[in-house]
1. For a Förster distance of 30 Å, can you work out the FRET efficiency between the beta-carbons of Lys60 and Leu33, rounded to the nearest 0.05?
2. Non-local amide H neighbours of Val106 (under 5 Å, H modeled in plane, Pro and chain starts lacking H): which ones?
3. With viscosity set to 0.890 mPa s at 25 °C, what whole-number translational diffusion coefficient in µm²/s follows for the range 114-187 from Stokes-Einstein and a Kirkwood radius over Cα pairs?
4. Counting only C-alpha contacts under 8 Å and six or more residues apart, can you give the relative contact order of the chain as a whole percent?
5. For the range 128-203, which GluC sites (Glu not before Pro) pass both filters: DSSP loop (anything but H, G, I, E, B) and at most 16 other C-beta atoms within 10 Å?
6. Can you tell me the orientation of helix 195-207 relative to the chain, as the angle in degrees between its alpha-carbon axis and the longest Cα principal axis, to the nearest 10?
7. From the P(r) of the range 1-157, could you give the percentage of C-alpha pairs in the tail past 28 Å?
8. In the range 48-68, whose amide N lies under 13 Å from the spot 7 Å out along Cα-to-Cβ of Asp187? List them in ranges.
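Bear in mind these aren't lab numbers, they're just calculated from the coordinates by the rules spelled out. Remember, it's a predicted structure, so these values are computed and weren't measured experimentally. Cβ coordinates were reconstructed from backbone atoms using ideal geometry, including for glycine residues, and neighbour counts include every protein chain displayed.
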Amino acid sequence: MSKPSTEEITLKYDGDICFVCFNQPERNNTLKLSMLQALREIACGFIDDIKTKVVILHAKGMHFSFGADLGDIQEQADKNLPLALQRRQMAFGAELLKSIQSIPQVTICAVQGIAVGGAAAIASACDFRIGSADCKISYGEVKLGMPLMWQALPLCVQLVGPARAKKMIMSGQMENAKTLLRWGFIDEVSAPEALLENAVEMAKLYTSLPPIAVQAIKKSINAYSGALGEAIMHMDTDQFLLLQNSKEAKEAFLAITEKRPGAFTGN
């Protein structure tokens, strides 16, 4: 069975549906390292769970998640760890997304409010996404002078195609529910007050079907659609480490923390 609830992420079962809930609304479900580690353990735990047929990932509060904690990122950068160790630690995000993709059961992500950066990547790793009418999703790493990490880029391309993926990832702009539905990033739009209820309705289709066949089909589709990404995305960690030490990235971080426009010169 999956790992038990933690303070940051709670698990609730209703028959053959498991609800995995981000439970830090007071900090807008910002993804601290401890929360990401807990999510990976929970995801891996579903491998031995033969009762659950659908996993619904959702969040408590106004927003799904404001993404990775900038304090954690800066703290890791300030440690000046050996490069070999930095590369290993930076690989954790990709391992997290792979653990979500490898959940045997059907996964549905219910997104309300804002989902940024790592939160958008987590949503893209699920099988289906249902968004509230007020949801907004973006990949904001570019605004920090960073590329998208966690080997999440192919997942976005698979959902929306190359040109729209470029717009989302290269601009870092927020896209609203109507646009995300039209592009194919989300599969359904819900009234905010009915988001979880509609996620359950989506889940019931898959709980009514033979789970072995459903899970075998899911695995085959993931393997086929992700083959190219597996082959070529091994370098995104090194790109991140290279850009993290650039003057441009440092200026971007200061500009955001000081709430001012950045002055970028390409250095």
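1. Plugging the Cβ-Cβ distance into 1/(1 + (r/R0)^6) gives 0.90.
2. Amide H neighbours of Val106: Val55.
3. 206 µm²/s
4. 17 percent
5. Values: sites: Glu141, Glu175, Glu188, Glu193, Glu197, Glu201; in loops: none.
Here no loop site has a sparse enough neighbourhood.
6. Orientation of helix 195-207: about 60 degrees from the principal axis.
7. Working: 2038 of 12246 pairs.
Of all Cα-Cα pairs in the range 1-157, 17 percent lie more than 28 Å apart.
8. 54-57
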